[in-house]
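A.B. asks: Dropping a structure here in structure tokens format, bear with me for questions.
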Amino acid sequence: MNEMFRAIATLYGQFSISAAELDAVADRFAVEMESGLMGLPSRLKMLPSFIDAPSGQETGEYLALDFGGTNLRLLAVLLEGNRKARVLRQKSWPLHDPESGVDLAASSMSGDALFDSIASAIGEFAPTGEWQLGHTFSFPCRQVTANKAELIRWTKEVRTAGVEGKDITSLLTDALASRGLNRIKPVVVINDTVGAYLTAAYAGEGVVAGAICGTGHNVAYLEPEAHGGRMVINMESGNFDPGMGTAFDAALDKSSEKPGEQLLEKQVSGRYLGELFRLVLISLSNAKILQFNSDRISQPYSLPTEMMSSLLTDESSALLRIGDFCRDLLELETALAERRVVKTTAVLIVTRSARLTAAALLGVLRRLDPSMTARQMIAVDGSLYERMPGYRETIERALVRHLPLAAARTCLVKDGSGIGAAVAAAISSSRR
Ligand code: BGC
């Protein structure tokens, strides 16, 4: 039993983030924002979008393409003006189709084949008519204009060959042309964080930033003075190094597709939390705190992050759901004390994720308004924020605790990648 307490105490020590540490991370984040904007070395890329804030009066019907690493989604979006937008219809395709075995995100897939599949889906979704298309492409891109963006590198373990370094709009336009789809005109390419911001800012006032807390992690915000004017900046904050990684984080990073990169993302995002959980469970097993015997858990990425939600909400006195989890997945009959260890592990990993996210948001707010006087709203999209139990509350509590005087809040934004792409298309078409 003592060993078990010791193991839990060690995990607390490794995964907890004190108020002082959170403050320090936020301050460092704000400093790196400044350096990135000035072109000095920084983990934050601070990428320009060449898109200003919307007025809320943009109108028109647009096609939106959302490519984020899990699905390919197409939407027909109507901007009605007066801050109202509607998704008229949508369809999505998984990048990895278990039936056919085709994986558009695999290294064996070429960029041309990927964009040809996208063009084919577009032809099927919009069989007739002329369309302006807004493209949400949720990866770090060096943006040259609002419609020209080179993929710097894949993240979220996507590996499709021959896309890094290429202009995404050219790849899409060429693929559309090969299929005779010249009636579809890609007019803008944005990051999903930019989409989250635009969607919320289209619908209401006071929004200063957009964040994604889902498969990936990132934040964009409205910078008053960048590249000659006001524009949304995609920080690529998933690449920030919070500097408090554990041995589990180091192991995950080492065996990842891009070691040394996306360190914050690897500690906070849905792509990785289940894997961190698995690594901690294995170490508890090696230390004989938990003893399981399952092939399933020896496979990397075999514990999906969503599974952790049901463990977090097990409030039964005997932790029955966690007992089932251990039986089904770990092939382990557990005593209550062991189930407590499993639950505590999940809680610690998820809470750390939410607190590190809060630290990043705090960094943005501090830079935007050091005196913390204005009302600030950060729009957030993504499965962790929307569905992971307690996640949103943990972020909010941290913001209130660290910004006692400011009315800074977060709000959920839905369909940010679809509506945001339409808003961006409207803004950039009106400029041409
Ligand atoms: C990408 C970002 C994206 C985020 C959320 C990260 O892996 O680098 O561009 O915004 O995921 O989808």
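Per-residue answers, yes or no, for (1) over 23 Å from GLY68 (Cβ atoms); (2) touching an Asp or Glu at 6+ places or on another chain (Cβ under 8 Å); (3) of a type in the set (Lys, Arg):
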| residue | (1), (2), (3) |
| --- | --- |
| VAL347 | yes, no, no |
| VAL350 | no, no, no |
| SER353 | no, no, no |
| ARG366 | yes, yes, yes |
| GLN376 | yes, yes, no |
| GLU386 | no, no, no |
| HIS402 | yes, yes, no |
| ALA408 | yes, no, no |
| GLY416 | no, yes, no |
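A.B. asks: If you check ALA64 against the conditions, is it at pLDDT 95 or above and closer than 30 Å to ASN239 by Cα?
C.D. replies: Considered against the rule, which asks whether it is at pLDDT 95 or above and closer than 30 Å to ASN239 by Cα, ALA64 comes out as yes.
A.B. asks: Same structure, new question: Please identify the pairs in which a residue from segment 64-92 that is on the phi > 0 side of the Ramachandran plot has its Cβ atom under 6 Å from the Cβ atom of a residue that is surrounded by 14 or more Cβ atoms within 10 Å (Cβ to Cβ) and of a type outside the set (Ser, Thr, Tyr), counting only partners at least 6 apart or on another chain.
C.D. replies: Short answer, once both residue conditions are applied: GLY69/LYS156; GLY69/VAL158; ARG83/GLY56; ARG83/ALA203.
A.B. asks: Same structure again: Just name the residue that is nearest to GLY216 (Cα to Cα) out of those in segment 59-80 that are more than 16 Å from the ligand (Cβ to nearest atom) and β-branched (Val, Ile, Thr).
C.D. replies: It comes out as VAL77.
A.B. asks: Let me ask something additional. Just give me the residues in segment 72-88 being surrounded by fewer than 15 Cβ atoms within 10 Å (Cβ to Cβ) and either within 24 Å of the chain's Cα centre (by Cα) or of a type in the set (A, V, I, L, M) (or both), in sequence order.
C.D. replies: If the condition is that a residue be surrounded by fewer than 15 Cβ atoms within 10 Å (Cβ to Cβ) and either within 24 Å of the chain's Cα centre (by Cα) or of a type in the set (A, V, I, L, M) (or both), then ARG86, LEU88 are the ones that fit.
One line per residue, one yes/no per condition, for (1) free of Cβ contacts under 8 Å to residues at least 12 places away in the same chain; (2) surrounded by fewer than 15 Cβ atoms within 10 Å (Cβ to Cβ); (3) on the phi < 0 side of the Ramachandran plot:
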site	(1), (2), (3)
LEU362	no, no, yes
ARG367	no, no, yes
GLY382	no, no, no
GLU393	yes, yes, yes
LEU399	no, no, yes
HIS402	no, no, yes
ALA407	no, yes, yes
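A.B. asks: Also, I was wondering about something else. For segment 183-213, what are the residues that are assigned to a loop (DSSP other than H, G, I, E, B) and either more than 9 Å from the ligand (Cβ to nearest atom) or surrounded by fewer than 24 Cβ atoms within 10 Å (Cβ to Cβ) (or both)?
C.D. replies: The answer is ARG183, GLY204, GLU205, GLY206.
A.B. asks: Run down LEU368, LEU348 and say which single residue is of a type in the set (A, V, I, L, M, F, W, C) and over 19 Å from GLU315 (Cβ atoms).
C.D. replies: Working: LEU348 fails: over 19 Å from GLU315 (Cβ atoms).
Matching residue, one of LEU368, LEU348: LEU368.
A.B. asks: Right, another one. Read through the list (1) within 16 Å of the ligand (Cβ to nearest atom); (2) among the charged types (D, E, K, R); (3) farther than 24 Å from TYR12 by Cβ, then give the number of the only condition that GLU306 fails.
C.D. replies: GLU306 satisfies every listed condition except (1).
A.B. asks: Six or more apart or on different chains, Cβ under 6 Å: which pairs go from a residue in segment 16-28 that's under 12 Å from LEU399 (Cβ atoms) to one that's buried (at least 16 other Cβ atoms within 10 Å of the Cβ)? Could you list them?
C.D. replies: LEU22/ARG355; LEU22/ALA359; ALA26/ALA359; ALA26/LEU362; ALA26/GLY363
A.B. asks: Quick check on my filter: what residues within segment 214-255 are more than 20 Å from THR410 (Cα to Cα), within 12 Å of the ligand (Cβ to nearest atom) and either assigned to a loop (DSSP other than H, G, I, E, B) or among the β-branched types (Val, Ile, Thr) (or both)?
C.D. replies: PHE240
A.B. asks: Need pairs with beta-carbon distance below 7 Å; first residue surrounded by 15 or more Cβ atoms within 10 Å (Cβ to Cβ) and within segment 117-132, second at pLDDT 95 or above and β-branched (Val, Ile, Thr); sequence gap 6+ or separate chains.
C.D. replies: The qualifying pairs are ILE122/ILE184; ALA126/ILE184; TRP131/ILE184; GLN132/VAL187.
A.B. asks: Filter segment 147-162 for residues that are within 16 Å of the ligand (Cβ to nearest atom) and not in a strand (DSSP E or B) and give the result.
C.D. replies: Narrowing segment 147-162 to residues within 16 Å of the ligand (Cβ to nearest atom): 149-160.
The answer is ILE152, ARG153, TRP154, THR155, LYS156, GLU157, VAL158, ARG159, THR160.
A.B. asks: Still on this structure: Going through segment 122-162 one residue at a time, which ones are within 27 Å of VAL232 (Cα to Cα), out of contact with any helix residue (DSSP H, G or I) (no Cβ under 7 Å at 6 or more places or on another chain) and aromatic (Phe, Trp, Tyr)?
C.D. replies: Listed by number, the residues that qualify are TRP131, PHE139, TRP154.
The values are calculated or read from the model by the stated rules, or taken from the named source; none is laboratory data. This one's a predicted model, so the numbers in the text were calculated from it and none came from an experiment. Cβ sites come from the backbone with ideal geometry, for glycine too, and all protein chains shown count toward neighbours.
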